[in-house]
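The values are calculated or read from the model by the stated rules, or taken from the named source; none is laboratory data. None of the values given here were measured: they were computed from a predicted structure. Heads up, the Cβs are rebuilt from the backbone with ideal geometry, glycines too, and the neighbour counts pull from every protein chain shown. Surface areas here come from the heavy atoms of the whole protein model, side chains and all, with no ligands, DNA or RNA. Shrake-Rupley method; radii C 1.70, N 1.55, O 1.52, S 1.80 Å.
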Amino acid sequence: MRLELRRGSLVLAVLACLRTERYGYTLRQALAADGLEMEESTLYPLLRRLESQGLLNSEWREEEKRKKRFYVLSPLGVQLLARLGDEWRAINASLDRIL
């Protein structure tokens, strides 16, 4: 049950973190700093799926003599994040009343 609850939360967290352009490692660090640790084996497939759904844009760039793939929300991702954020807040408020 904990895994199911966490799965949906991670999508929302990744979208929110990618309002600012990041590459995978810095995204993992940002999530972990806020208490949401995520394995690479979870993160990278999620990033590919979100990109294939048109929610993220990415590009390869060289930084520190290494090629890194940078991700950022697409315009569609920005819209979806706003809607999901509203939905999250409504669900959270309901659960606060129930719990």
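Being assigned to a helix (DSSP H, G or I), of a type in the set (A, V, I, L, M, F, W, C) and open to solvent by less than 40 Å² (accessible area, probe 1.4 Å) narrows it down to one of Leu95, Leu81, Leu76, so name that one.
Unique residue meeting the criteria: Leu81.
Tally the residues that are in contact (Cβ under 8 Å) with a residue 12 or more places away in the chain and more than 23 Å from Ser74 (Cβ to Cβ), restricting the search to region 1-36.
Number satisfying all stated conditions: 0.
Filtering region 56-73 down to residues that are touching a Leu at 6+ places or on another chain (Cβ under 9 Å) and open to solvent by 60 Å² or more (accessible area, probe 1.4 Å), which residue is nearest to Leu27 (Cα to Cα)?
Checked region 56-73; the qualifying residue nearest to Leu27 (Cα to Cα) is Arg69.
Enumerate the pairs (first residue in region 51-69 and closer than 11 Å to Arg22 by Cα and of a type outside the set (Phe, Trp, Tyr); second residue anywhere and open to solvent by 100 Å² or more (accessible area, probe 1.4 Å) and part of a strand (DSSP E or B)) with beta-carbon separation below 6 Å, excluding pairs fewer than 6 apart on the same chain, so at least 6 apart or on different chains.
Between residues of region 51-69 that are closer than 11 Å to Arg22 by Cα and of a type outside the set (Phe, Trp, Tyr) and residues that are open to solvent by 100 Å² or more (accessible area, probe 1.4 Å) and part of a strand (DSSP E or B), the close pairs are Arg69/Trp60.
Filter region 7-25 for residues that are part of a helix (DSSP H, G or I) and surrounded by 15 or more Cβ atoms within 10 Å (Cβ to Cβ) and give the result.
Leu10, Val11, Leu12, Ala13, Val14, Leu15, Ala16, Cys17, Gly24
Taking the conditions exactly as written (closer than 18 Å to Leu80 by Cβ, loosely packed, with under 15 Cβ neighbours inside 10 Å and of a type in the set (S, T, N, Q)), does Gln53 satisfy them or not?
yes
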